[in-house]
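Contents: one structure, followed by commentary.
The values are calculated or read from the model by the stated rules, or taken from the named source; none is laboratory data. Predicted model only: the values in this text are computed from it and were never measured. Cβ coordinates were reconstructed from backbone atoms using ideal geometry, including for glycine residues, and neighbour counts include every protein chain displayed. Calculation scope for accessible area: heavy atoms of the full protein, side chains included, ligands and nucleic acids excluded. Shrake-Rupley method; radii C 1.70, N 1.55, O 1.52, S 1.80 Å.
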Amino acid sequence: MTPYEPRPIRFLDLWCVDDWRIKLYGIAYARPQPRPELVTAAQRIASQHLRSLRADLRHYHLGFLGVHDGRTSNFVFLDFWADENELHHHVFVSPTAHPDDFTYVTPTGLSACVWDLRLQAFERDAWVAHVLQQSATPDFDGYLAATLNADV
């Protein structure tokens with residue numbers, strides 16, 4: 001078993017695709033942030049997935065995209081908020097050497113690694129603080145402005 005070591009988590013951009021506003025994050029093993037070609041490939045697969053969502057799904061067009069340039073594989077997870085307090089989580093994996101060769105693995109049950117969970121926990125707390133605890137007037141812009149930048 002490999003000992004745990006923290007990895008940098010960086011807010012990269014507020015990414016807009018169609019009418020979605022997505023916080024784009026990078027997580028990386030042995031480098032400060034993911035390779036640009038992986039980020040581009042992740043945005044491509046995420047935009048395809050967003051465009052394929054059911055029309056009747058009640059969501060806010062808000063979420064986050066984690067691009068994890070891992071030790072043995074690349075993990076990309078697309079999360080968005082729906083029905084007030086539900087996080088929809090979709091995971092894609094590609095080989096380290098082939099960042100464009102994604103497999104949709106959500107149906108396998110694979111959810112997240114410990115570094116990805118750090119980001120999900122932060123985003124959960126931001127959603128609670130800016131949206132759920134202010135349910136009369138949710139502060140969606142405040143949620144989008146709350147970002148994580150964690151050093152190793």
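Among the listed residues Leu110, Leu87, Leu117, identify the single one that is under 24 Å from Ala30 (Cα atoms) and in contact with a strand residue (DSSP E or B) (Cβ under 9 Å, 6 or more places away or on another chain).
Of Leu110, Leu87, Leu117, the one residue that is under 24 Å from Ala30 (Cα atoms) and in contact with a strand residue (DSSP E or B) (Cβ under 9 Å, 6 or more places away or on another chain) is Leu110.
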Practice task
Taking Phe102 as meeting all but one of (1) of a type in the set (A, V, I, L, M, F, W, C); (2) under 18 Å from Trp15 (Cα atoms); (3) in contact with a strand residue (DSSP E or B) (Cβ under 8 Å, 6 or more places away or on another chain), write down the number of the exception.
Solution key: (2)
Handout entry: Residue list for the stretch 30-45, restricted to those being among the small types (Gly, Ala, Ser) and either touching a His at 6+ places or on another chain (Cβ under 8 Å) or open to solvent by 20 Å² or more (accessible area, probe 1.4 Å) (or both)
Key = Ala30
Practice task
Sort out which residues of the stretch 65-77 are in contact with a Phe, Trp or Tyr (Cβ under 6 Å, 6 or more places away or on another chain), assigned to a strand (DSSP E or B) and in contact (Cβ under 8 Å) with a residue 40 or more places away in the chain, and write them in order of number.
Solution key: Gly66, His68
Practice task
Please specify each residue of the stretch 99-140 satisfying the condition of being of a type in the set (Ser, Thr, Tyr) and not in a loop (DSSP other than H, G, I, E, B).
Solution key: Thr103, Tyr104, Thr106, Thr108
Completion exercise
The residue that is surrounded by the most Cβ atoms within 10 Å (Cβ to Cβ), considering only those in the stretch 46-64 that are small (Gly, Ala, Ser) and not in a strand (DSSP E or B), is Ala46
